[in-house]
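Single-structure report; data block below.
The values are calculated or read from the model by the stated rules, or taken from the named source; none is laboratory data. If you're wondering where the values come from, they're calculated on a predicted model, not measured in any experiment. Every residue, glycine as well, gets a Cβ built from its backbone with ideal geometry; the counts of neighbours run over all protein chains shown. What goes into the accessible areas is simple: the full protein's heavy atoms, side chains included, and nothing from ligands, DNA or RNA. Shrake-Rupley method; radii C 1.70, N 1.55, O 1.52, S 1.80 Å.
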Amino acid sequence: MLVGNPIAFGVLSVAAVASALGVVLFRNAVYCMLSLILNLLMLALFFLMLEAEFVATIQVLIYAGAVMVLFLFVVTMLAPDASSTEGRDRLRWQIGPALGLAIILAGSLIVAILNGAVASDARKSGAGSLFTQVQANGDTQAFGQALFHGFSFPFEATSLLLLVAVLGAVVLGRRLASRD
Amino acid sequence: MQNLTWLILALPLAGFVALGLCGRVLPRWLIGLIGCGVVCGAFVAAVVDFISTLGMPATARTVDTTFWTWLTSGGLTVKFGLLSDPLSAVMLLVVTGVGFLIHVYSIGYMEGDAGYWRFFAFMNLFIFAMALLVAADNFLFLLVGWGGVGLASFLLIGFWYTRPAAVAAARKAFVVNVIGDVGLMLAIFLLFITFGSLAFADIFSKQYVVFTFAPHIIAPASLLTQIVLIPSVTLTAITLLLFAAAAAKSAQLPLHVWLPDAMEGPTPVSALIHAATMVTAGVYLVARCAPLFGAAPFTLGVVGVVTGLTALMAATIACVQTDIKRVLAYSTMSQLGYMFMAESAGGFSTGIFHLTTHAYFKALLFMSAGAVIHALGGEQDMRKMGGLRHKLPLTFWCFVAGGLALAAIFPFAGFWSKDAVLGSLLARGTENHGAPLWLALYAVGLLTAGFTGFYTFRLILGIFWGEYRGGEIAAAHGAEAAASRPRGGDNSGNGKTARDPLARVHEVGRAMSVPMLVLLVLSVIGGAYGLPWQNALGGFLQPVTGAAVELVTSNPLFYVNMAAGLLAALAGFGLAWRAYGARAASFIPSRNPLVVAAEHRYYIDDLYDVVLVRPVVWLGVQLRRGIEGATLDGGTRGSGSLVGWSSGVLRSLQTGYVRNYALLLFLGAAAILVYYVIR
Amino acid sequence: MPLSAYLIVSALLFAIGALGVLIRRNPLVMFMSIELMLNAVNLSFMTFARFLNSVDGWMFVFLVLTVAAAEVVVGLAIIVSIFRTRRTINVDELNSLKG
């Protein structure tokens, strides 16, 4: 079954791949970061095409918003220009194997997808189906219901994880006590 | 009367164990007491046994006491038992008696030596092993005793083990002895195959039917158990192997090379082991197996030829030796040849007779030589002696007595025994079907007698006559100081002063002189039990060794033989007097090629060295390099270095770069992915 | 578009992210490539959620998002603390575990 407009899909996919390549290939770290932001936005548009508005919003807000801003801070603090990573690349030989590996990865994944991916018919009817839930309450409510009813334990664990991460960041960010 | 043979073995063994375990801490007098006491006890037991054997009727003099069964394996049953019969009684008397005298002598000779306790422990071990050899009633324990005396000889030759010459000599003696041991073992195997048992009673009591082609025997069953069919090849093989063992132990050609080197040991060792007892084990073996040898004429011929050659060769070498102990060693070799020659002619009891008299006078000669060496502080070279008869009168007369007995001068003991030996050869040569071989051997024996007289007199003149040729005698004298001093050292630095260089030379103490005197008496009268008119010894030994082969006293050849032997010896004396007595000893090296060859012992040692020793050593070195070095060591070291190399290779994976590790990670993931895709 | 199309895009993004991790020396850019990979997986999760009609896919995306955020926080803190004192931003400098 087909979801989404083919033309939109094509444009989005080209943009996503291009921005991904930009992340990988730009010399300037800030350009890489900007490409990543673009890529994240493209992905959010993908989520919209997949009829998941809430998740798309979250993606833009949190990922492209908060996380990338943090990245921006660090990048501008540590690597403001391209000259910081000058110097002979001691592992130049790794480019070849890396390319090959990427091609293999992509290729085998694509082969696997084309061979084995199963598209089941969407269950358009039925009380538990996604479609009915979304039809009934909107996808935010569906999301919340699933999160707090089915996935409450992971939710709580995630909160603990976030706590630990905050503590870790604070500890790691401290300057050494001897220097005042 | 109770048979006391077990005591003869038990006492020296107890002495060995006691001295071996505690000797280090015991006081000297106690060590000497234990060492000599046990042998004295053994001698007393041997005397008691002898007397009781005499008391039995002549035909029933064998007492075979079995103590327990040693092993039963398949068809072989071996019991540990001791035999007490005329032959073993005579041998035990000689071994324990002369052994006891030499133990007493050692108390004086080895005084001050650091290994005093070790010496007596080993000497007791030797007496035990020799007694076991002689008293065993089966071949297996004879072999045990055989090996035991070889071991004791090794330990005692290398007694001063810090000297490399002594260690090398001990090793040489042991290696050559082992060759004989192998011969004995092979003979034992063949004996077992032929007879099914190793006990003397089973082997020597049967009638042998020797055949070349399998005979067809028709006989009643009762007779069949008393006869043994032996192929003549087997019998010849057995007897030749037995003779090979005897030749190794008794230093006959070609296994004689160890005996002169064995003089590196202390003089009492030379006296006991290499003159009186151990080297006579071969003679005993042949005499014990007299029934076997009697049925193998080919072997007897071989024995006669080989030992005759040995006797002559050894006598000639003794004529040019300058070390007094080596002269006596070659003399022993020559006299042993005489014993074997008598046995080869069938006179087994004659051989034993010469064995006993030789024990007396050779032990006496070695003891006297030891006294001289002791007095001169370690000097053994004849060229540095001379004129000692005024300083050492007792030693001089002992030496003279022993020498006269050795050279077979009437009426000393050696005269009667050597006369009997030559007589048996002549008797075999002139009997009805006598082969000319025996006459040839008789001639060899006469010639050797001449040489014997020559070197004996030369020895006596060289040590005791003329002017003293040596240097200053150093202060320390004693057995070990003698050993540690380099021999032949010329201390003539102070000889120019008018001081008498022999001022500190003195006679031996009582511990050494009393045994010498006892042996002197025996050397004079010891021939009494073998006098030809009665031949008490021959009659005594007859049940074991068979009838003595001798010239009948009514035969005119008897007196011709006596005169010939005496004349040969006196001729030797005369020649020696001419060369060494009249003028100051002419020990100048001679250019005569025969003399030079004799001085190099006819190059036999060099021949062995080139043909046997060097190839074996080369092979050993190659094996060490090739197998042990390259293969085994290389293999273990190689596997170690292989592990090291491979871990070095693996270590190169740990580059430390994060990106490399990431590559490996992704490689693994990609591999799994590809695997599932392909599947 | 069919399911496989979305998944192929996801696969491509994933491979490109992997390439970025292996090629770039700047640790921040490596980190960004890792984020790229995480987002590719997010895409495939969303795709499956849509095509299998299940909300669980959304849940997973949510969790991945959260974990990625936490990871970014801690990871950047580490990178900052390591490279604050050095002159160069070069992940190859951290090779003291060389065997």
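For the stretch B:59-78, indicate whether the set of residues that are part of a helix (DSSP H, G or I), open to solvent by 20 Å² or more (accessible area, probe 1.4 Å), closer than 24 Å to B:ARG510 by Cβ and out of contact with any Leu (no Cβ under 8 Å at 6 or more places or on another chain) is non-empty.
no
Which of (1) within 14 Å of chain B (Cβ to nearest Cβ); (2) part of a helix (DSSP H, G or I) does C:ILE89 not meet, given it meets every other one?
It is condition (2) that C:ILE89 fails.
Regarding C:LEU28, is this residue hydrophobic (A, V, I, L, M, F, W, C) and within 14 Å of chain B (Cβ to nearest Cβ)?
yes
Of all residues in the stretch C:46-62, which are over 14 Å from A:THR158 (Cα atoms) and either facing chain A (nearest Cβ under 7 Å) or open to solvent by less than 30 Å² (accessible area, probe 1.4 Å) (or both)?
Listed by number, the residues that qualify are C:MET46, C:THR47, C:ALA49, C:ARG50, C:PHE51, C:LEU52, C:ASN53, C:SER54, C:VAL55, C:GLY57, C:TRP58.
Take the conditions farther than 30 Å from B:PRO57 by Cβ, of a type in the set (Val, Ile, Thr) and open to solvent by 10 Å² or more (accessible area, probe 1.4 Å) and apply them to B:ILE107. Does it pass?
Judged against the criteria, B:ILE107 is a match.
Show the residue pairs meeting these rules: Cβ distance below 8 Å; 6+ apart or different chains; first residue within the stretch A:156-174 and facing chain C (nearest Cβ under 7 Å); second residue charged (D, E, K, R).
As it stands, the answer is A:ALA165/C:GLU71, since those pairs meet every condition given.
Please go through the stretch B:119-130 and give me each residue that is in contact with a Phe, Trp or Tyr (Cβ under 7 Å, 6 or more places away or on another chain) and open to solvent by less than 10 Å² (accessible area, probe 1.4 Å), ordered by number.
Listed by number, the residues that qualify are B:PHE119, B:ALA121, B:ASN124.
Out of the helices (runs of 4 or more DSSP H) lying entirely within the stretch B:600-679, which hold 1 or more residues that are surrounded by fewer than 13 Cβ atoms within 10 Å (Cβ to Cβ) and within 14 Å of chain C (Cβ to nearest Cβ)?
Output list reads B:634-651, B:658-678.
Check C:LEU43, C:LEU12, C:LEU38, C:LEU65 and return the single one that is away from chain B (no Cβ under 14 Å), touching a Phe, Trp or Tyr at 6+ places or on another chain (Cβ under 7 Å), in a helix (DSSP H, G or I) and surrounded by fewer than 22 Cβ atoms within 10 Å (Cβ to Cβ).
C:LEU65
Test C:PHE83 against the stated conditions and say whether it is among the hydrophobic types (A, V, I, L, M, F, W, C), closer than 23 Å to A:ILE113 by Cα and within 7 Å of another protein chain (Cβ to nearest Cβ).
no
Among B:LEU151, B:LEU140, B:LEU133, which is open to solvent by 40 Å² or more (accessible area, probe 1.4 Å), touching a residue at least 40 places away in the same chain (Cβ under 8 Å) and among the hydrophobic types (A, V, I, L, M, F, W, C)?
None of the other options fit; the residue is B:LEU140.
Does any residue of the stretch B:271-293 turn out to be out of contact with any Pro (no Cβ under 9 Å at 6 or more places or on another chain) and open to solvent by 30 Å² or more (accessible area, probe 1.4 Å)?
Among the residues of the stretch B:271-293, at least one is out of contact with any Pro (no Cβ under 9 Å at 6 or more places or on another chain) and open to solvent by 30 Å² or more (accessible area, probe 1.4 Å), which makes the answer yes.
Restricting attention to the stretch A:1-31, which residues are at the interface with chain C (Cβ under 7 Å from one of its Cβ atoms), in contact (Cβ under 8 Å) with a residue 40 or more places away in the chain and not small (Gly, Ala, Ser)?
Hits for the stretch A:1-31 are A:VAL3, A:PHE9.
In this structure, does B:PHE396 turn out to be in a helix (DSSP H, G or I) and surrounded by fewer than 24 Cβ atoms within 10 Å (Cβ to Cβ)?
Considered against the rule, which asks whether it is in a helix (DSSP H, G or I) and surrounded by fewer than 24 Cβ atoms within 10 Å (Cβ to Cβ), B:PHE396 comes out as yes.
So which residues in the stretch B:302-312 are of a type outside the set (S, T, N, Q) and crowded, with 22+ Cβ neighbours inside 10 Å, if there are any at all?
Answer for the stretch B:302-312, where residues must be of a type outside the set (S, T, N, Q) and crowded, with 22+ Cβ neighbours inside 10 Å: B:VAL303, B:GLY304, B:GLY308, B:ALA311.
Check off (1) open to solvent by less than 10 Å² (accessible area, probe 1.4 Å); (2) more than 21 Å from B:ARG458 (Cβ to Cβ); (3) in contact with a Leu (Cβ under 9 Å, 6 or more places away or on another chain) for B:ALA405 and give me the number that stays unchecked.
So the condition that B:ALA405 fails would be (2).
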